[in-house]
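Heads up: the structure comes next, in C-alpha coordinates.
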Amino acid sequence: ALAAASVPGFARLAQTLAAGVAGTDHLAAARVLGLGRLRLLWRHVLPNIAEPLLLSVTTAAGTALVALSGLSFLGLGVQPPGYDWGQLLSQGLDRIYAEPLPALAPGLALVYAALTFQLLGEVLAGGAARRGRVVRIPAQRSAPSGPAEDGQVLQVDGLTVELPAPAGPIRPVRGVSLSLGRGEIVGLVGESGSGKSLTALAVADLLPYGARASRRTLRLLGTDLGALPRKERDRRLATGLSVIFQNPASALNPALRIGTQLTEAVRAHRGTSRAEATARAAEALRRVALPPSLLRARPYELSGGQRQRVMIAAGLMVRPGLIIADEPTTALDVTVQRQITRLLVDIRRDTSAAILFISHDVALVAEFCERVLVMYAGTIVEALPVGRLAAGARHPYTRALVASVPDLTADRGRPLPTVEGAPPDP
(Lines give C-alpha, C1' and ligand atoms only; values in the text may rest on other atoms or scores of the structure.)
Protein backbone atom coordinates (compact mmCIF):
# COMPACT_ATOMS: atom_id res chain seq x y z
CA ALA A 1 0.00 0.00 0.00
CA LEU A 2 2.84 2.42 0.82
CA ALA A 3 4.58 1.60 -2.47
CA ALA A 4 1.39 2.07 -4.50
CA ALA A 5 0.68 5.39 -2.80
CA SER A 6 4.14 6.71 -3.67
CA VAL A 7 3.94 5.86 -7.39
CA PRO A 8 2.06 9.03 -8.53
CA GLY A 9 4.56 11.29 -6.77
CA PHE A 10 7.55 9.57 -8.35
CA ALA A 11 5.87 9.55 -11.76
CA ARG A 12 5.16 13.27 -11.55
CA LEU A 13 8.70 14.05 -10.43
CA ALA A 14 10.25 11.94 -13.21
CA GLN A 15 7.96 13.49 -15.84
CA THR A 16 8.76 17.04 -14.72
CA LEU A 17 12.51 16.42 -14.65
CA ALA A 18 12.48 14.66 -18.04
CA ALA A 19 10.42 17.47 -19.57
CA GLY A 20 13.10 19.94 -18.53
CA VAL A 21 15.72 17.89 -20.39
CA ALA A 22 13.55 17.21 -23.44
CA GLY A 23 13.67 20.81 -24.67
CA THR A 24 17.44 21.21 -24.58
CA ASP A 25 19.61 21.64 -27.65
CA HIS A 26 21.80 18.65 -26.85
CA LEU A 27 18.78 16.31 -26.84
CA ALA A 28 17.61 17.72 -30.18
CA ALA A 29 21.07 17.07 -31.58
CA ALA A 30 20.96 13.51 -30.20
CA ARG A 31 17.67 12.93 -32.03
CA VAL A 32 19.26 14.08 -35.28
CA LEU A 33 22.06 11.59 -34.65
CA GLY A 34 19.42 8.89 -35.10
CA LEU A 35 19.69 7.50 -31.56
CA GLY A 36 16.90 5.14 -30.55
CA ARG A 37 14.36 5.89 -27.84
CA LEU A 38 15.97 3.65 -25.21
CA ARG A 39 19.44 5.07 -25.87
CA LEU A 40 18.11 8.62 -25.64
CA LEU A 41 16.59 7.82 -22.25
CA TRP A 42 19.63 5.93 -20.93
CA ARG A 43 22.37 8.21 -22.33
CA HIS A 44 20.87 11.70 -22.31
CA VAL A 45 17.79 11.87 -20.08
CA LEU A 46 18.53 9.61 -17.08
CA PRO A 47 22.02 11.03 -16.30
CA ASN A 48 20.50 14.52 -16.05
CA ILE A 49 17.64 13.51 -13.73
CA ALA A 50 19.30 10.70 -11.76
CA GLU A 51 20.51 12.86 -8.86
CA PRO A 52 17.10 14.15 -7.60
CA LEU A 53 15.46 10.78 -8.36
CA LEU A 54 18.00 8.86 -6.27
CA LEU A 55 17.59 11.31 -3.40
CA SER A 56 13.81 10.90 -3.57
CA VAL A 57 14.07 7.10 -3.64
CA THR A 58 16.31 6.85 -0.58
CA THR A 59 14.24 9.43 1.31
CA ALA A 60 11.09 7.46 0.53
CA ALA A 61 12.78 4.24 1.64
CA GLY A 62 13.63 5.75 5.04
CA THR A 63 10.13 7.17 5.38
CA ALA A 64 8.58 3.80 4.51
CA LEU A 65 10.74 2.07 7.12
CA VAL A 66 9.54 4.48 9.81
CA ALA A 67 5.91 4.11 8.65
CA LEU A 68 6.04 0.31 8.72
CA SER A 69 7.61 0.35 12.18
CA GLY A 70 4.91 2.77 13.35
CA LEU A 71 2.18 0.40 12.16
CA SER A 72 3.82 -2.47 14.05
CA PHE A 73 4.15 -0.28 17.14
CA LEU A 74 0.37 0.31 17.02
CA GLY A 75 -0.28 -3.42 16.55
CA LEU A 76 -1.37 -3.06 12.90
CA GLY A 77 1.79 -4.40 11.27
CA VAL A 78 3.92 -7.48 11.89
CA GLN A 79 2.22 -9.91 14.29
CA PRO A 80 3.87 -12.41 16.72
CA PRO A 81 5.78 -14.63 16.34
CA GLY A 82 7.21 -12.31 13.67
CA TYR A 83 8.84 -9.08 14.81
CA ASP A 84 10.40 -5.85 13.62
CA TRP A 85 11.74 -2.69 15.26
CA GLY A 86 8.27 -1.24 15.78
CA GLN A 87 7.02 -4.31 17.62
CA LEU A 88 10.21 -4.54 19.69
CA LEU A 89 9.74 -0.90 20.64
CA SER A 90 6.13 -1.58 21.64
CA GLN A 91 7.06 -4.61 23.79
CA GLY A 92 9.97 -2.81 25.49
CA LEU A 93 7.89 0.28 26.29
CA ASP A 94 6.09 -1.54 29.13
CA ARG A 95 9.41 -2.11 30.95
CA ILE A 96 11.11 1.15 30.05
CA TYR A 97 11.61 2.23 33.69
CA ALA A 98 12.96 -1.15 34.81
CA GLU A 99 14.97 -1.97 31.64
CA PRO A 100 15.35 1.10 29.35
CA LEU A 101 17.68 -0.54 26.82
CA PRO A 102 15.07 -2.88 25.18
CA ALA A 103 12.85 0.15 24.57
CA LEU A 104 15.51 2.66 23.50
CA ALA A 105 17.53 0.35 21.23
CA PRO A 106 14.79 -0.16 18.56
CA GLY A 107 14.14 3.59 18.52
CA LEU A 108 17.83 4.38 18.07
CA ALA A 109 18.02 1.75 15.34
CA LEU A 110 15.15 3.45 13.48
CA VAL A 111 16.85 6.85 13.70
CA TYR A 112 20.16 5.36 12.56
CA ALA A 113 18.51 3.52 9.61
CA ALA A 114 16.64 6.64 8.47
CA LEU A 115 19.84 8.72 8.57
CA THR A 116 21.71 5.94 6.76
CA PHE A 117 19.19 6.03 3.92
CA GLN A 118 19.62 9.81 3.66
CA LEU A 119 23.40 9.53 3.54
CA LEU A 120 23.15 6.67 1.03
CA GLY A 121 21.07 8.92 -1.20
CA GLU A 122 23.71 11.65 -1.05
CA VAL A 123 26.46 9.17 -1.96
CA LEU A 124 24.48 7.65 -4.85
CA ALA A 125 23.46 11.09 -6.14
CA GLY A 126 27.05 12.29 -6.00
CA GLY A 127 28.17 9.18 -7.86
CA ALA A 128 25.53 9.77 -10.53
CA ALA A 129 26.67 13.37 -10.97
CA ARG A 130 30.29 12.23 -11.41
CA ARG A 131 29.44 9.20 -13.51
CA GLY A 132 31.30 8.89 -16.80
CA ARG A 133 33.95 6.79 -18.43
CA VAL A 134 37.48 8.17 -18.59
CA VAL A 135 38.51 8.62 -22.20
CA ARG A 136 41.95 7.35 -23.13
CA ILE A 137 43.70 9.43 -25.77
CA PRO A 138 45.61 7.39 -28.34
CA ALA A 139 48.87 8.73 -29.64
CA GLN A 140 48.00 8.57 -33.35
CA ARG A 141 46.65 11.58 -35.21
CA SER A 142 43.64 11.55 -37.49
CA ALA A 143 43.81 11.99 -41.22
CA PRO A 144 43.21 15.48 -42.62
CA SER A 145 39.68 16.46 -43.54
CA GLY A 146 38.54 15.75 -47.06
CA PRO A 147 37.15 18.41 -49.41
CA ALA A 148 33.47 19.24 -49.63
CA GLU A 149 31.40 18.17 -52.59
CA ASP A 150 31.49 20.27 -55.75
CA GLY A 151 28.70 22.64 -56.70
CA GLN A 152 26.10 24.14 -54.41
CA VAL A 153 26.32 22.99 -50.79
CA LEU A 154 22.91 24.34 -49.77
CA GLN A 155 19.92 25.38 -51.86
CA VAL A 156 16.75 26.62 -50.15
CA ASP A 157 13.75 27.96 -52.04
CA GLY A 158 10.48 29.24 -50.59
CA LEU A 159 11.13 28.30 -46.96
CA THR A 160 8.23 29.17 -44.63
CA VAL A 161 7.93 28.44 -40.90
CA GLU A 162 4.58 28.36 -39.09
CA LEU A 163 4.15 28.54 -35.31
CA PRO A 164 0.85 27.66 -33.57
CA ALA A 165 -0.97 30.51 -31.81
CA PRO A 166 -4.43 30.85 -30.17
CA ALA A 167 -5.68 33.07 -32.99
CA GLY A 168 -4.21 30.88 -35.73
CA PRO A 169 -0.72 30.08 -37.01
CA ILE A 170 1.81 32.87 -37.42
CA ARG A 171 4.61 32.87 -39.97
CA PRO A 172 7.81 34.40 -38.58
CA VAL A 173 9.72 33.12 -41.68
CA ARG A 174 8.11 33.63 -45.07
CA GLY A 175 9.41 32.63 -48.49
CA VAL A 176 13.12 32.60 -47.69
CA SER A 177 15.44 31.54 -50.52
CA LEU A 178 19.21 31.27 -50.26
CA SER A 179 22.15 29.25 -51.55
CA LEU A 180 25.75 28.63 -50.50
CA GLY A 181 28.58 27.39 -52.67
CA ARG A 182 31.52 25.24 -51.62
CA GLY A 183 33.97 27.15 -49.42
CA GLU A 184 31.77 30.26 -49.27
CA ILE A 185 31.14 32.32 -46.12
CA VAL A 186 27.74 34.04 -46.20
CA GLY A 187 26.51 36.37 -43.48
CA LEU A 188 22.86 36.54 -42.41
CA VAL A 189 22.11 39.78 -40.55
CA GLY A 190 19.04 41.42 -39.06
CA GLU A 191 17.74 42.56 -35.72
CA SER A 192 16.23 40.26 -33.10
CA GLY A 193 12.96 38.72 -34.18
CA SER A 194 13.69 38.92 -37.90
CA GLY A 195 13.71 35.10 -38.25
CA LYS A 196 17.42 34.36 -38.64
CA SER A 197 17.70 31.57 -36.06
CA LEU A 198 14.36 30.02 -37.08
CA THR A 199 15.60 29.86 -40.66
CA ALA A 200 18.74 28.02 -39.53
CA LEU A 201 16.75 25.64 -37.32
CA ALA A 202 14.36 24.88 -40.17
CA VAL A 203 17.26 24.01 -42.48
CA ALA A 204 18.74 21.72 -39.80
CA ASP A 205 15.32 20.20 -38.96
CA LEU A 206 15.62 21.36 -35.34
CA LEU A 207 12.48 23.48 -35.06
CA PRO A 208 10.76 23.57 -31.65
CA TYR A 209 7.77 21.35 -30.95
CA GLY A 210 4.65 22.44 -32.81
CA ALA A 211 6.48 24.47 -35.46
CA ARG A 212 6.13 23.39 -39.07
CA ALA A 213 8.37 24.15 -42.04
CA SER A 214 7.43 24.03 -45.72
CA ARG A 215 9.58 24.73 -48.76
CA ARG A 216 9.70 24.19 -52.47
CA THR A 217 13.34 23.07 -52.46
CA LEU A 218 15.80 22.03 -49.76
CA ARG A 219 18.97 20.45 -51.12
CA LEU A 220 22.06 19.69 -49.04
CA LEU A 221 25.23 18.62 -50.85
CA GLY A 222 23.20 17.92 -53.97
CA THR A 223 20.59 15.72 -52.22
CA ASP A 224 16.91 16.66 -52.05
CA LEU A 225 16.17 16.17 -48.34
CA GLY A 226 12.42 16.34 -48.86
CA ALA A 227 12.48 13.17 -50.99
CA LEU A 228 14.30 11.07 -48.37
CA PRO A 229 12.76 8.87 -45.64
CA ARG A 230 12.99 10.31 -42.15
CA LYS A 231 15.86 8.08 -40.99
CA GLU A 232 17.97 8.75 -44.08
CA ARG A 233 17.26 12.49 -43.89
CA ASP A 234 18.44 12.56 -40.27
CA ARG A 235 21.61 10.74 -41.26
CA ARG A 236 22.33 13.20 -44.08
CA LEU A 237 21.75 16.15 -41.75
CA ALA A 238 23.93 14.65 -39.01
CA THR A 239 26.88 14.10 -41.35
CA GLY A 240 26.54 16.87 -43.93
CA LEU A 241 25.65 19.79 -41.68
CA SER A 242 26.82 21.10 -38.32
CA VAL A 243 25.23 23.77 -36.14
CA ILE A 244 27.21 25.95 -33.73
CA PHE A 245 24.57 27.12 -31.30
CA GLN A 246 24.49 30.56 -29.72
CA ASN A 247 24.49 29.14 -26.19
CA PRO A 248 26.95 26.24 -25.87
CA ALA A 249 26.04 25.84 -22.19
CA SER A 250 22.65 24.37 -23.22
CA ALA A 251 23.90 22.69 -26.38
CA LEU A 252 26.39 20.52 -24.48
CA ASN A 253 25.06 17.77 -22.22
CA PRO A 254 26.25 18.56 -18.67
CA ALA A 255 26.13 14.87 -17.66
CA LEU A 256 28.52 13.61 -20.35
CA ARG A 257 32.24 14.17 -20.78
CA ILE A 258 33.48 16.28 -23.69
CA GLY A 259 35.11 13.23 -25.28
CA THR A 260 31.83 11.29 -25.29
CA GLN A 261 29.94 14.16 -26.93
CA LEU A 262 32.61 14.78 -29.57
CA THR A 263 32.80 11.12 -30.65
CA GLU A 264 29.08 10.28 -30.60
CA ALA A 265 28.23 11.44 -34.12
CA VAL A 266 31.12 9.74 -35.94
CA ARG A 267 30.56 6.50 -34.03
CA ALA A 268 26.81 6.53 -34.76
CA HIS A 269 26.96 7.46 -38.46
CA ARG A 270 30.49 6.78 -39.71
CA GLY A 271 30.99 3.42 -37.99
CA THR A 272 34.23 4.71 -36.47
CA SER A 273 35.86 2.69 -33.70
CA ARG A 274 36.20 4.16 -30.21
CA ALA A 275 39.98 4.57 -30.50
CA GLU A 276 39.82 6.23 -33.92
CA ALA A 277 36.98 8.52 -32.84
CA THR A 278 38.91 9.56 -29.74
CA ALA A 279 42.00 10.32 -31.81
CA ARG A 280 39.88 12.41 -34.19
CA ALA A 281 38.34 14.25 -31.22
CA ALA A 282 41.80 15.03 -29.83
CA GLU A 283 42.83 16.38 -33.23
CA ALA A 284 39.65 18.49 -33.44
CA LEU A 285 40.43 20.05 -30.06
CA ARG A 286 43.98 20.83 -31.20
CA ARG A 287 42.59 22.59 -34.27
CA VAL A 288 40.53 24.89 -32.06
CA ALA A 289 43.56 25.58 -29.80
CA LEU A 290 42.36 23.44 -26.88
CA PRO A 291 44.38 20.71 -25.13
CA PRO A 292 43.25 17.10 -25.72
CA SER A 293 43.13 16.66 -21.94
CA LEU A 294 39.75 18.44 -22.03
CA LEU A 295 38.26 15.22 -23.44
CA ARG A 296 38.01 14.06 -19.83
CA ALA A 297 36.28 17.26 -18.65
CA ARG A 298 32.59 18.08 -18.43
CA PRO A 299 31.05 21.27 -19.90
CA TYR A 300 30.64 23.04 -16.55
CA GLU A 301 34.41 22.83 -15.99
CA LEU A 302 35.08 25.00 -19.07
CA SER A 303 34.84 28.73 -19.65
CA GLY A 304 32.40 30.25 -22.13
CA GLY A 305 35.04 30.65 -24.82
CA GLN A 306 36.26 27.09 -24.32
CA ARG A 307 32.71 25.72 -24.60
CA GLN A 308 32.21 27.64 -27.83
CA ARG A 309 35.42 26.15 -29.24
CA VAL A 310 34.27 22.69 -28.19
CA MET A 311 31.05 23.32 -30.17
CA ILE A 312 33.16 24.16 -33.22
CA ALA A 313 35.30 21.06 -32.66
CA ALA A 314 32.13 18.96 -32.48
CA GLY A 315 31.06 20.42 -35.80
CA LEU A 316 34.37 19.40 -37.37
CA MET A 317 34.13 15.77 -36.26
CA VAL A 318 31.88 14.62 -39.12
CA ARG A 319 33.70 16.85 -41.65
CA PRO A 320 30.48 18.54 -42.82
CA GLY A 321 29.95 20.36 -46.06
CA LEU A 322 27.98 23.14 -44.32
CA ILE A 323 28.51 24.83 -40.95
CA ILE A 324 25.70 27.02 -39.57
CA ALA A 325 27.14 29.39 -36.95
CA ASP A 326 24.16 30.86 -35.10
CA GLU A 327 25.57 33.98 -33.42
CA PRO A 328 28.59 32.09 -32.06
CA THR A 329 30.32 35.23 -30.75
CA THR A 330 27.42 37.07 -29.08
CA ALA A 331 28.32 36.18 -25.46
CA LEU A 332 32.09 36.44 -25.92
CA ASP A 333 34.48 39.33 -25.37
CA VAL A 334 36.01 40.99 -28.42
CA THR A 335 39.33 39.16 -28.11
CA VAL A 336 37.68 35.74 -28.15
CA GLN A 337 35.33 36.94 -30.91
CA ARG A 338 38.33 37.64 -33.11
CA GLN A 339 39.78 34.21 -32.32
CA ILE A 340 36.50 32.46 -33.19
CA THR A 341 36.09 34.30 -36.51
CA ARG A 342 39.71 33.59 -37.49
CA LEU A 343 39.15 29.96 -36.57
CA LEU A 344 36.09 29.75 -38.84
CA VAL A 345 38.07 31.27 -41.69
CA ASP A 346 40.87 28.71 -41.17
CA ILE A 347 38.32 25.88 -41.13
CA ARG A 348 36.83 27.12 -44.40
CA ARG A 349 40.29 27.26 -45.96
CA ASP A 350 41.31 23.79 -44.75
CA THR A 351 38.07 21.86 -45.36
CA SER A 352 36.29 23.87 -48.12
CA ALA A 353 33.14 23.82 -45.97
CA ALA A 354 30.51 26.49 -46.60
CA ILE A 355 29.65 28.66 -43.57
CA LEU A 356 26.36 30.45 -42.89
CA PHE A 357 27.27 33.04 -40.25
CA ILE A 358 24.28 34.53 -38.37
CA SER A 359 24.94 37.70 -36.42
CA HIS A 360 23.61 41.06 -35.26
CA ASP A 361 27.03 42.61 -35.78
CA VAL A 362 27.06 44.13 -39.26
CA ALA A 363 30.68 45.25 -38.87
CA LEU A 364 31.79 41.74 -37.94
CA VAL A 365 29.95 40.21 -40.90
CA ALA A 366 31.41 42.81 -43.25
CA GLU A 367 34.91 41.97 -42.04
CA PHE A 368 35.12 38.27 -42.92
CA CYS A 369 32.06 37.23 -44.99
CA GLU A 370 31.94 37.22 -48.78
CA ARG A 371 28.22 37.79 -49.24
CA VAL A 372 25.58 39.31 -46.98
CA LEU A 373 21.90 38.39 -46.72
CA VAL A 374 19.77 41.01 -44.95
CA MET A 375 16.66 39.65 -43.20
CA TYR A 376 13.72 41.77 -42.13
CA ALA A 377 10.32 40.63 -40.80
CA GLY A 378 10.86 37.02 -41.81
CA THR A 379 12.04 37.64 -45.38
CA ILE A 380 15.39 38.26 -47.06
CA VAL A 381 15.09 41.80 -48.40
CA GLU A 382 18.55 42.12 -49.96
CA ALA A 383 21.52 39.98 -50.96
CA LEU A 384 24.75 41.62 -52.05
CA PRO A 385 28.53 41.15 -52.00
CA VAL A 386 30.17 42.41 -48.84
CA GLY A 387 32.15 44.99 -50.81
CA ARG A 388 28.91 46.75 -51.77
CA LEU A 389 27.44 46.72 -48.26
CA ALA A 390 28.69 50.18 -47.27
CA ALA A 391 27.94 52.12 -50.45
CA GLY A 392 25.95 49.83 -52.76
CA ALA A 393 22.98 48.80 -50.59
CA ARG A 394 19.62 49.61 -52.20
CA HIS A 395 17.08 48.58 -49.57
CA PRO A 396 16.40 51.30 -46.96
CA TYR A 397 16.58 48.78 -44.09
CA THR A 398 20.05 47.66 -45.21
CA ARG A 399 21.20 51.26 -45.42
CA ALA A 400 19.79 51.93 -41.94
CA LEU A 401 21.66 48.93 -40.50
CA VAL A 402 24.93 50.10 -42.05
CA ALA A 403 24.38 53.65 -40.81
CA SER A 404 23.88 52.31 -37.26
CA VAL A 405 27.42 50.91 -37.10
CA PRO A 406 29.57 53.37 -35.10
CA ASP A 407 33.03 54.37 -36.29
CA LEU A 408 35.88 56.49 -34.96
CA THR A 409 35.04 59.43 -37.26
CA ALA A 410 31.53 59.92 -35.83
CA ASP A 411 30.70 63.20 -34.12
CA ARG A 412 30.94 62.36 -30.41
CA GLY A 413 28.69 65.29 -29.54
CA ARG A 414 25.69 63.79 -31.32
CA PRO A 415 23.66 60.63 -30.51
CA LEU A 416 24.54 57.48 -32.42
CA PRO A 417 22.20 56.78 -35.35
CA THR A 418 19.56 54.08 -34.80
CA VAL A 419 16.90 52.36 -36.90
CA GLU A 420 13.61 54.10 -36.22
CA GLY A 421 10.52 52.12 -35.24
CA ALA A 422 10.24 48.36 -34.79
CA PRO A 423 9.77 45.41 -37.14
CA PRO A 424 6.15 44.34 -37.68
CA ASP A 425 4.66 41.67 -35.43
CA PRO A 426 4.54 38.34 -37.34
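The values are calculated or read from the model by the stated rules, or taken from the named source; none is laboratory data. It should be emphasised that the depicted structure is a prediction, and the values quoted were computed from it without experimental measurement. FYI the Cβ positions are ideal-geometry reconstructions off the backbone, even for glycines, and counts take in every protein chain you see.
For the stretch 1-97, which fully contained helices (runs of 4 or more DSSP H) count at least 3 residues that are outside the structural domain of I258 (by TED's automatic domain parsing) and among the charged types (D, E, K, R)?
Values: elements: 2-22, 25-32, 37-40, 46-73, 85-93.
Fully inside the stretch 1-97 and qualifying: nothing.
Which numbered condition trips up A109, out of (1) more than 30 Å from A200 (Cβ to Cβ); (2) part of a loop (DSSP other than H, G, I, E, B)?
(2)
So, of the residues in the stretch 264-276 that are more than 21 Å from L322 (Cβ to Cβ) and not acidic (D, E), which turns out to be surrounded by the most Cβ atoms within 10 Å (Cβ to Cβ)? Explain how you work it out, then say what you get.
The first filter runs over the stretch 264-276 and keeps only residues more than 21 Å from L322 (Cβ to Cβ), leaving 267, 271, 273-276.
With not acidic (D, E) added as a condition, the list becomes 267, 271, 273-275.
Numbers: R267: 17, G271: 9, S273: 12, R274: 14, A275: 13.
If we take residues in the stretch 264-276 being more than 21 Å from L322 (Cβ to Cβ) and not acidic (D, E), then R267 is surrounded by the most Cβ atoms within 10 Å (Cβ to Cβ).
Under 7 Å between Cβ atoms, which residue pairs at least 6 apart in sequence (or on different chains) link something in the stretch 105-126 that is without any contact (Cβ under 8 Å) to a residue 40 or more places away in the chain with a partner that is assigned to a helix (DSSP H, G or I) and aromatic (F, W, Y)?
Note: pairs meeting the criteria are P106/W85; A109/W85.
Where residues in the stretch 298-337 are in contact with a helix residue (DSSP H, G or I) (Cβ under 6 Å, 6 or more places away or on another chain) and over 16 Å from L252 (Cβ atoms), which of them is surrounded by the most Cβ atoms within 10 Å (Cβ to Cβ)?
Among residues in the stretch 298-337 that are in contact with a helix residue (DSSP H, G or I) (Cβ under 6 Å, 6 or more places away or on another chain) and over 16 Å from L252 (Cβ atoms), the one surrounded by the most Cβ atoms within 10 Å (Cβ to Cβ) is I324.
For the stretch 91-113, how many residues meet the condition of being modelled with pLDDT of 75 or more and surrounded by 17 or more Cβ atoms within 10 Å (Cβ to Cβ)?
3
In the list T351, T341, which residue meets the criterion of being of a type outside the set (A, V, I, L, M), farther than 30 Å from V161 by Cα and modelled with pLDDT under 90? So that I can check it myself, show each step before the final result.
Details: T341 fails: farther than 30 Å from V161 by Cα.
One residue alone meets the criteria, T351.
If the requirement is being over 14 Å from A30 (Cα atoms) and within 14 Å of the chain's Cα centre (by Cα), which of these qualifies: P292, P248?
Values: P292 fails: within 14 Å of the chain's Cα centre (by Cα).
Answer to the selection: P248.
Can you find a residue that is over 21 Å from P47 (Cα atoms) and in the same structural domain as R338 (by TED's automatic domain parsing) anywhere in the stretch 260-268?
Initial filter on the stretch 260-268 (over 21 Å from P47 (Cα atoms)): 266.
Cutting the leftovers down to in the same structural domain as R338 (by TED's automatic domain parsing) gives us 266.
Yes, the stretch 260-268 contains at least one residue that is over 21 Å from P47 (Cα atoms) and in the same structural domain as R338 (by TED's automatic domain parsing).
Restricting attention to the stretch 294-307, and to residues there that are assigned to a helix (DSSP H, G or I), modelled with pLDDT of 85 or more and not basic (K, R), which single residue is nearest to K196 (Cα to Cα)?
Of the residues in the stretch 294-307, the ones assigned to a helix (DSSP H, G or I) are 294-296, 299-301, 304-307.
If we keep only those that are modelled with pLDDT of 85 or more too, we end up with 294-296, 299-301, 306-307.
Filter again for not basic (K, R), leaving 294-295, 299-301, 306.
Values: L294: 32, L295: 32, P299: 27, Y300: 28, E301: 31, Q306: 25 Å.
It comes out as Q306.
Hey, can you tell me all the residues within the stretch 211-241 that are at pLDDT below 90, under 23 Å from the mean Cα position of the chain (by Cα) and exposed (fewer than 15 other Cβ atoms within 10 Å of the Cβ)?
R230, K231, E232
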